[in-house]
Amino acid sequence: MKRNPQLALLRFLAVAIVALLMPTIASAQSAEDYRAKAEQGDAEAQNNLAICYYNGDGVIKDYNEAVRWWRKAAEQGNAEAQSNLGSRYYNGEGVTLDYNEAVRWWRKAAEQGLAKAQNNLGFCYYSGAGVTQDYNEAARWYRKAAEQGNAEAQFSLGLYYYNGVGVTQDYNEAVRWYRKAAEQGLAKAQYNLGLCYDNGTGVAQDYNEAVKWYRMAAEQGLAKAQNNLGLCYDNGTGVAQDYNEAVRWYRMAAEQGDAVAQYNLGFCYYNGVGVTQDYNEAIKWWRKAAEQGLAEAKRVLNDLGEIW
């Protein structure tokens, strides 16, 4: 039986919209300080007061009140508030979910140059949420955000170049954008950059570099990177062979539900590699992988006459 190395790039964009993360305030004034200025029409204070209501900082959490203040600031042209209001429409928080309205407000902020809104607008064009799906337009907005240093947009633009979506396929450009995002600490970009080094795609093949980037992503908890780092230890690729380390990383990924890691961990138990041989544990992990649809695990269980 052979382990599945899982050396295939992520093929689809993750639903990763920066502005949907919890909004934060740049300064540390109290909600009441913001209120005094907000009631006088200060747009920045209105945006910050809205964030207080959204997060429950110094006031009772209230999405409706947050939206009310974001709208006041957004209507004055405050780009942060426009972006935050767009996110509330996208999530249906304090307002009825409405992708068209989300796009309308994100576009206003994006046209003012706000990178996270540009990234979000790119995602909408990619997914067809609130607009007609258009990969070229998605790439255009991702590029605007990426050139401002937005890591999510850099990652997405890298995927576009890798797959030839909305741009001409170019592995060198894919690597360039993955690297920019990876150097900012984005785990999925670190993983993809590791894969490029592992496969020699867009860069000279370099197993040591692959391990370096897998490790960075794995230490952030990315299951696919943990599995691949385990595989490197298993095979002695880019690191000294160490079956105990292989099992440790496989287990981390397997416990997160990664089917390939579950399969690999089962293989280790079956053969007593890095762990005490235990057929029951092997079957347990293969069954978990098979239940997720992994063909290799189904095949092994069928060969052993096990029900999955």
Rounded if a/c under 1.5, otherwise prolate or oblate - the range 199-289, Cα gyration tensor axes: prolate
What number comes out for the charge environment of residue 224, summing +1 per Lys or Arg and -1 per Asp or Glu over other residues with Cβ under 9 Å away? 0
Lysines near residue 116 by alpha-carbon distance under 29 Å, same-chain residues fewer than 8 away left out - which ones? 37, 61, 72, 108, 144, 180, 188, 212, 224
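Of all the C-alpha pairs in the range 165-216, what % are more than 17 Å from each other? Please report the intermediate quantities before stating the final value.
Working: 369 of 1326 pairs.
In whole percent, the long-distance tail amounts to 28.
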Report in % the part of the accessible area of the chain that belongs to carbon and sulfur, leaving out ligands and nucleic acids; probe 1.4 Å. 45 percent
Sequence order, the range 156-166: Karplus ³J(HN,Hα) from phi using 6.51 cos²θ - 1.76 cosθ + 1.60, θ = phi - 60°, Hz rounded, Gly and Pro as x, gives 5, 5, x, 4, 4, 5, 5, 9, x, 9, x
May I ask you to derive the relative contact order of the chain, considering only C-alpha pairs under 8 Å and at least 6 residues apart, and to give it as an integer percent? 10 percent
In square angstrom, what is the accessible area per residue of the range 48-152 with a 1.4 angstrom probe? 40 Å²
Average accessible area per residue (Å²) across the range 199-308 - probe 1.4 Å, nucleic acids and ligands excluded: 46 Å²
Over all Cα pairs of the chain, the Kirkwood radius sets Rh, and Rg/Rh then becomes 1.09
Where Rh denotes the Kirkwood radius from the mean inverse Cα pair distance, what is Rg over Rh for the range 123-262? 1.04
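The values are calculated or read from the model by the stated rules, or taken from the named source; none is laboratory data. These figures come from a predicted structure and were not determined experimentally. Because the Cβ atoms are built from the backbone with ideal geometry, glycine has one as well, and the counts that use them run over all protein chains shown. Just the protein is used for accessible areas: all its heavy atoms, side chains included, with ligands, DNA and RNA removed. Shrake-Rupley method; radii C 1.70, N 1.55, O 1.52, S 1.80 Å.
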